[in-house]
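The values are calculated or read from the model by the stated rules, or taken from the named source; none is laboratory data. Treat the numbers as computed from the prediction; the structure is a model and nothing was measured. As a convention, Cβ positions derive from the backbone with ideal geometry for all residues, glycine included, and neighbour counts pool all protein chains shown. Accessible surface is based on the protein model in full, side chains and every heavy atom, while ligands, DNA and RNA are left aside. Shrake-Rupley method; radii C 1.70, N 1.55, O 1.52, S 1.80 Å.
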Amino acid sequence: DAGVTQSPTHLIKTRGQQVTLRCSPKSGHDTVSWYQQALGQGPQFIFQYYEEEERQRGNFPDRFSGHQFPNYSSELNVNALLLGDSALYLCASRQLAGANEQFFGPGTRLTVL
Amino acid sequence: DAKTTQPTSMDCAEGRAANLPCNHSTISGNEYVYWYRQIHSQGPQYIIHGLKNNETNEMASLIITEDRKSSTLILPHATLRDTAVYYCIVSEGKGAQKLVFGQGTRLTINP
């Protein structure tokens, strides 16, 4: 079992550009959440997807959007990038009806110049 | 905002028990206490969770006070690999389960 995988590992973009980050959940998991972690801070919840729909959202602007596919994988899209969007983006998966713990991927390090 | 308060940093000698406290005085009846840790530049790793009773697994023990307003994570025999930031989180057990992370405790295990 590969666990939660994310791609790419690192990414450099410039202000105003758009970015797409990808996540494959752990085998058997159907729920995917995305978190943003700025340097020196704890992760901040962006949103969660289940059954291909956004179920819960944190305090992030509409520039942050997502998608979940029928195979439960997910994408995080960020438009009109700002310098402040530079962070580690983490994906976490769980089985909604299963055990309580979430499994996190290694993250994608996004740098906006 | 996070519903928990933790010390910013702690030190522990290798081989000794590491006891990490957490205050969660506003916890509601249906909220669990979760502990995760994050080793530098990796994703957070689940450690343990509990509702009322003390819990133990292969990684750690969780002691929750009777009034549920605080808890302690115990790493019984700390190793250098336990150096990490430890997050105490309160969240509903089922359903959407949004995790609200605070600043956590930076635990350093010294040789």
**Item:** As computed over region B:60-111, the Cα convex hull volume per residue (Å³)
**Value:** 105
**Asked** Which three extents, in whole angstrom, do the alpha-carbon atoms of region A:1-71 cover along their principal axes, largest first?
**Response** 36, 25, 25
**Fill in**
Ordered by number, the trypsin sites (Lys or Arg not before Pro) in region B:1-105 that occupy a DSSP loop and have at most 14 other Cβ atoms within 10 Å are B:Arg16, B:Lys52, B:Lys69, B:Lys94
**Asked** Put a dot 7 Å past each Cα toward the Cβ at A:Glu51 and B:Asn54; how far apart are the dots in nm?
**Response** 4.1
**Message:** Along the Cα→Cβ direction, 7 angstrom out, place labels at A:Leu113 and B:Gln103. What is the inter-label distance in nm?
**Reply:** 3.3
**Candidate lysines - alpha carbon under 29 Å from B:Lys3, same-chain residues fewer than 8 apart omitted** = A:Lys26, B:Lys52, B:Lys69, B:Lys94, B:Lys98
**Request:** Counting only C-alpha contacts under 8 Å and six or more residues apart, can you give the relative contact order of region B:1-105 as a whole percent?
**Result:** 37
**Item:** Cβ-placed point charges (K, R +1; D, E -1), dipole of chain A about Cα centre in debye, nearest 20
**Value:** 420
**Farthest positive-ward along chain A dipole, Cα basis, beta-carbon charges - from A:Gly107, A:Gln68, A:Ala97** = A:Gly107
**Item:** chain A - percent relative contact order, Cα under 8 Å, separation 6 or more
**Value:** 37
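Please give the average number of partner chain Cβ atoms lying within 10 Å of the Cβ of each residue in B:44-50, rounded to a whole number.
That average works out to 4.
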**Item:** Protein accessible area in the protein assembly as shown, 1.4 Å probe - carbon and sulfur %
**Value:** 48
**Complete:** For the pair B:His40 and A:Phe60, the simple spin-label estimate (label points 7 Å beyond Cα toward Cβ) gives in nm 2.7
**Computed over chain B, Kirkwood Rh from alpha-carbon pairs, angstrom** = 14.0
**Prompt:** What's the buried accessible area, both sides, between A and B using a 1.4 Å probe, rounded to 100 Å²?
**Reply:** 1700
**At least 50 Å² of accessible area lost relative to the chain alone, listed for region A:67-113 with a 1.4 Å probe** = A:Asn100, A:Glu101, A:Gln102, A:Phe104
